[in-house]
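**Q** Quick one: the structure is below, and I'll ask about it shortly.
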Amino acid sequence: MIIVSGLTKFYKRGREEVRALDRVSITVEDGEFITLFGPSAAGKTTLLNIIGGLDLPTEGKVSIFGKELTKNEMVNSRRNNTGFIFADFYLIPTLNAVENVMMPQLWSRTVDHRKAEELMSLVGLKHRLRHYPKELSGGEMQRVAIARSLINDPNILLADEPTANLDTTTRDKIIGLFRQLNRDKKITVILATHDPECVSYADRCIRLAYGKIEP
């Protein structure tokens with residue numbers, strides 16, 4: 001279970017203080033698929049980054065599986081609990097697809113080539129193992145990124161606008177894949193999006209605007 005309590009985040013922009021999150025509290029059950037829905041600058045990315053241990057809040061706290069996500073726990077949580085997927089894919093251009101999938105394993109010093117190939121098959125890319133990012137379509141690159149996010153067996157998938165750069169047909173396939181992973185592998189999925197078509201796939205939608213939860 002993920003429990004977010006009174007989360008507030010301030011940023012300094014010159015002399016201006018930007019409140020990215022304003023006392024946000026949510027609870028996400030194990031195995032739930034939720035969307036964070038809202039326009040640009042609503043606070044979706046900031047919330048995902050804090051839940052994922054990439055950033056710390058100004059105020060409030062996050063607990064994952066009963067353990068508070070303190071500064072000392074951030075690295076462990078990223079390594080053991082969470083997979084990240086982004087709109088821009090962030091694939092390494094000099095590595096082929098299966099090598100990109102194995103990248104997160106380098107932090108644990110255990111590289112499992114067979115597992116990486118199995119994940120490529122899971123996302124429908126068994127025929128693209130040796131292809132480089134420049135040889136892949138946008139949808140294929142996103143599926144490589146999804147396979148990469150699964151290599152360390154995460155309990156939680158955090159996806160930040162993962163369909164923003166995809167056409168509608170590919171978008172539906174990618175969101176369908178998230179739904180499949182959620183149902184088959186019991187992975188908790190938190191998907192940030194401004195696309196209302198993505199909302200129907202989720203168990204629940206949390207709406208954000210100006211850093212606050214909307215009713």
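Bear in mind that the values in this text are calculations on the coordinates, not laboratory data. Because the structure is a prediction, the values reported are computed rather than measured. Reconstructed Cβ throughout: ideal geometry from the backbone, glycine too, with neighbour counts over all protein chains shown.
**Q** Expressed as an acute angle from 0 to 90° and rounded to the nearest 10, what is the orientation of the C-alpha long axis of helix 138-150 relative to the principal long axis of the chain?
**A** The angle comes out near 80 degrees.
**Q** Now a separate question. Taking Cα pairs under 8 Å and at least six residues apart, what relative contact order does the chain come out at, in percent?
**A** 31 percent
**Q** Under the classification rounded if a/c is under 1.5, otherwise prolate if a/b is larger than b/c and oblate if not, where does the chain fall, given a ≥ b ≥ c as square roots of the Cα gyration tensor eigenvalues?
**A** In terms of gyration-tensor shape, prolate.
**Q** Decide, for the stretch 1-100, between rounded, prolate and oblate: order the square roots of the alpha carbon gyration tensor eigenvalues as a ≥ b ≥ c, take rounded if a/c falls under 1.5, and otherwise choose prolate if a/b is larger than b/c, else oblate.
**A** oblate
**Q** Moving on. Ranking T45, T94 by Cβ neighbours within 10 Å, fewest first, what do you get?
**A** T94, T45
**Q** Counting Lys and Arg as +1 and Asp and Glu as -1, each charge on the Cβ, what is the dipole of the chain about the Cα centre in debye, to the nearest 20?
**A** Here the size comes out at about 360 debye.
**Q** How large is ³J(HN,Hα), in whole Hz, for each residue of the stretch 56-73 in order, when computed from phi with the Karplus curve 6.51 cos²θ - 1.76 cosθ + 1.60 and θ = phi - 60°, using x for Gly and Pro?
**A** 10, x, 6, 9, x, 8, 10, 10, 10, 6, x, 10, 5, 8, 7, 4, 6, 9
**Q** Got the relative contact order for the stretch 134-215 handy, in percent, Cα pairs under 8 Å and 6 or more residues apart?
**A** For the stretch 134-215, the relative contact order is 30 percent.
**Q** Can you tell me the FRET efficiency between T110 and F65 if r is taken as the Cβ-Cβ distance and R0 is 25 Å, rounded to the nearest 0.05?
**A** Efficiency, rounded to the nearest 0.05: 0.65.
**Q** Within 10 Å of each residue's Cβ, count the other Cβ atoms and sort S200, S149, S63 from fewest upward.
**A** S200, S63, S149
**Q** If each residue's Cβ is checked for other Cβ atoms within 10 Å, how do V18, V123, V98 rank with the fewest at the top?
**A** With the fewest neighbours first, V18, V123, V98 line up as V18, V98, V123.
**Q** So, counting K/R as plus one and D/E as minus one, what does the shell of residues with Cβ under 10 Å around L136 add up to?
**A** In short, +1.
**Q** Okay, moving on. Suppose every K and R has +1 on its Cβ and every D and E has -1 on its Cβ; what is the size of the dipole of the stretch 40-160 about the Cα centre, in Debye to the nearest 20?
**A** 200 debye
**Q** Same structure, new question: Helix 113-122: angle to the longest alpha-carbon principal axis of the chain, degrees 0 to 90, nearest 10?
**A** That works out to roughly 80 degrees.
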